[in-house]
Structure formats: structure tokens, C-alpha cells
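First comes the structure, then the notes that go with it.
None of the figures in this text is laboratory data; all of them are computed from the coordinates on show. Every value quoted in this text rests on a predicted model; they were computed, and no experiment measured them. For neighbour counting, all protein chains shown are included, and Cβ atoms are generated from backbone atoms with ideal geometry for every residue, glycine included.
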Amino acid sequence: MTQPTQLACALEKIDAANRADPNIEEVNGQLLPKEYAYSQHMTRWLFELESQPSERMQIACRAQHIERWTIPRSDFPEGRKAYYEWRQACGRMHGRRAAEIMAECGYPQEECERVETVLTKRELRKDEDTQLLEDVACMVFLERYFAEFYEQKADYDREKWLRIVRRTWGKMSPRGHEAALKLAEGMPAHLLALLQEALASD
């Protein structure tokens, strides 16, 4: 298999897996399987931040939430510690599935393992690929899910929201910060004010 064909093979298999998501998200008036929609948002923002991304980053971004619905948050107890345990379990699964698909499409073992490492995010802030993945994920959250999350968690006090925004900001690179500030110009006023307050007091 040639490289372009390998990439097409991997992306098609990831898309097929994510189209099985029973949960739905509306995108531009169209109802799509949620994790399939998420993977498309990830790909779009990858190309916004990196004009010529590597094949492994295209695959990693597309597989960021591959089959996430198979490990529901409800399988883990409440609380911050359990939340991070759930996130880590998801990351390991996403990395394993992406590596399996890449191997099926003819990628060499070292490239499969590289993508698996990126998706587990063990080297955040140390590894450029992992940092790019995190920047892309943060941009997708801010653009697509921040407002909905804010409404769902209306019982959170102001200080908790400021901590959430600061944690998100702290995960991002200067390139991500620049993109986020540009995106923020179009945010609803209450979310823009929250972002500005979080950064001003950070």
C-alpha cells in the first residue's frame, strides 16, 4: 500500500468506527454520530493550526475520541480523581485502537506506536505532536462544547469556572493561545468575560 492509500485506509476505518456511535450531534442542521462529528472538528482544527500536518497527526486527531462511548463516564465513580482515571483509560483505548487500525493499513510498527504514545498524552509539553493534539482538542472544546458545558454545569461557582478555564489555557501552546484569543472574539459575552477574567487574574 502506498502512503496516501495507507492514510486513506486509516481515516476511513476510524470514520467507520466512529459512525457507530449511538449518540447524536447536530452540525450545520445535520444529525451526525457524535464521535464522528467530533473527529471532523478535530481534523478541521488540525489544518487550521498546521497547514501541512503529518500523516500520524491526521490519524491521531481523527482517533482522539475513537469509540469513546464504549467506556462511559458512568462506569467510574464521581469525583475528580475518578474523572482522570476515566480520561486515562479512554486515552489508552484510543491509542490502542488507532495503532491497531494503522497496522491493518500497513503502517510500520514504530509509526503505530508513535501515534499510540501521542494519544495517551504522556509527553504533553515535551513532545511537539502531543502538544499539537492538545491544542487542537482545546480549540474544538472552546468552539463546539464550551457553551453547552457551561449550561450543563450551571451550579458551578465562579471560582470553579475560572480554574477550568485556566487549566484549559495552561495545556495550550502559544500557537494555541493565539488561535483561542481570535476565536474568543466571537464567543457569547458571558463566556468571553469569563475567559478575560481568568486570564487577567492568572
In degrees rounded to 10, the 0-90 angle between helix 34-49 Cα long axis and the longest Cα principal axis of the chain is 90
Restricting the range 173-202 to GluC sites (Glu not before Pro) in coil, as DSSP defines it, with at most 16 other Cβ within 10 Å
Glu185
Relative contact order, percent, the range 1-116 [alpha-carbon distance under 8 Å, six or more residues apart]
28
Sites Asp75 and Arg96 - FRET efficiency at Förster radius 22 Å, r taken between beta-carbons, to 0.05:
0.80
Roughly what would the spin-label model give for Arg158 and Glu26, points 7 Å off Cα along C-beta, in nm?
3.2
Calculate the length of the line joining the C-alpha centroid of the range 79-112 to that of the range 1-57, in whole Å.
16
The chain, relative contact order in percent, only Cα pairs under 8 angstrom and at least six apart counted:
18
Burial ranking of peptide ranges 112-121, 49-58 (average Cβ count within 10 Å, highest at the top)
112-121, 49-58
Looking only at aspartates and glutamates whose Cα falls under 16 Å of Lys121's and that sit 8 or more positions away or on another chain, we get Glu85, Glu111, Glu113, Asp129, Glu134, Asp135
Straight-line reach check, Lys160, cutoff 18 Å on alpha carbons, 8 or more apart in-chain or any other chain, hits among aspartates and glutamates -> Glu78, Glu148, Glu151, Glu197, Asp202
Multiply the residue gap between Glu185 and Glu48 by 0.36 nm, knock off their C-alpha separation, and tell me the result in nm, one decimal place.
47.7 nm
Taking K and R as +1 and D and E as -1, what net charge do the other residues with C-beta under 13 Å from the C-beta of Glu85 add up to?
+3
List, in the order given, every pair from Lys13/Lys182; Lys34/Lys81; Lys81/Lys126; Lys34/Lys153 whose Cα-Cα distance in the structure shown is over 29 Å.
Lys13/Lys182
What Cys residues in the chain are without a partner cysteine, judged by a Cβ distance under 4.7 Å?
Cys61, Cys90, Cys112, Cys138
